[in-house]
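Taken together, the values in this text are just the output of simple stated rules run on the coordinates, not laboratory data. Here the structure is a predicted model, which means the values were calculated and not measured. So basically every Cβ, Gly included, is an ideal-geometry build from the backbone, and we count neighbours across all protein chains shown.
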Amino acid sequence: MSVKVNEIFYSLQGEGFWTGTPMVFVRLSGCNLRCPFCDTDHAGYEELSADEVVLKALALAGDCRRICLTGGEPSLHADAALVTAFHEAGFHLHMETNGTRPLPAGIDWVTLSPKEDVPGLVGNGRVVLEQADELKLVFDGSLPEERLEYWREFPATWHFLQPCDVSDPARNREILRQTIAYIESHPSWRLSLQTHKTLGIR
Ligand code: SF4
């Protein structure tokens, strides 16, 4: 089966546990949800076989053997053949998902970014995954305490709050201040920042 690839690039992971770690990013096309703050360009893709995706990744990776499948929602297209092809090439395989769809077996690191509670969400954001390696929740100060508690108890090794990036710089500073204050008073959360944006990298 072919894979719909939006883009492949080599950079540093900007968010969450692996911040600062070099990875090849494979952005698969499309998403089953629409979030008001989404900054992903869903238009356009190239249909490639699993082996062709791996060859393109290898051409960029140098000595790096860490891949991040992202989107959009990568579970729409990532399948067992793609997982096997990356593993056979020696890659450690990460996936960033909204958690609304089952994942192929063998993903080495799952980042769940739930969108269930996003105001104005279009689509069914109900999370069906039962565990993840890290949970990364977008925070804008509007989520009720019981929902924050629900996600803090979700079975994941790491729980990150990430300030929502809006177009107003003053509002962004306020959201960051609120996020830090919340984490200080609920210390099982950690802060995730979109450092790739700060650094001006992809
Ligand atoms: S789940 Fe992610 S990719 Fe999909 S619309 Fe929301 S922010 Fe964009």
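If exposed GluC sites (Glu not before Pro) are those in a DSSP loop with at most 12 other Cβ within 10 Å, what is the longest stretch of the chain that has none?
Excluding the exposed sites themselves, the longest stretch runs over 1-129.
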- Message: Kirkwood hydrodynamic radius, the chain, all distinct C-alpha pairs: what's the number in Å?
- Response: 17.4 Å
- Message: Within the stretch 3-199, how many Lys pairs that are eight or more residues apart, or on different chains, come under 23 Å at the alpha-carbon?
- Response: 5
- Cα-Cα pairs of the stretch 23-117 separated by more than 20 Å (percent): 33 percent
- Note on the structure: In whole angstrom, the spacing between the Cα centers of the stretch 138-191 and the stretch 59-126 equals 23 Å
- Looking at the chain, what % of its DSSP beta bridges pair antiparallel, to the nearest 5? 30 percent
- As a check on your grasp of the helix formula, calculate [θ] at 222 nm for the chain: sum -39500 (n - 2.57) over DSSP H runs of n ≥ 4, divide by the residue count, round to the nearest 500. -7500 deg cm²/dmol
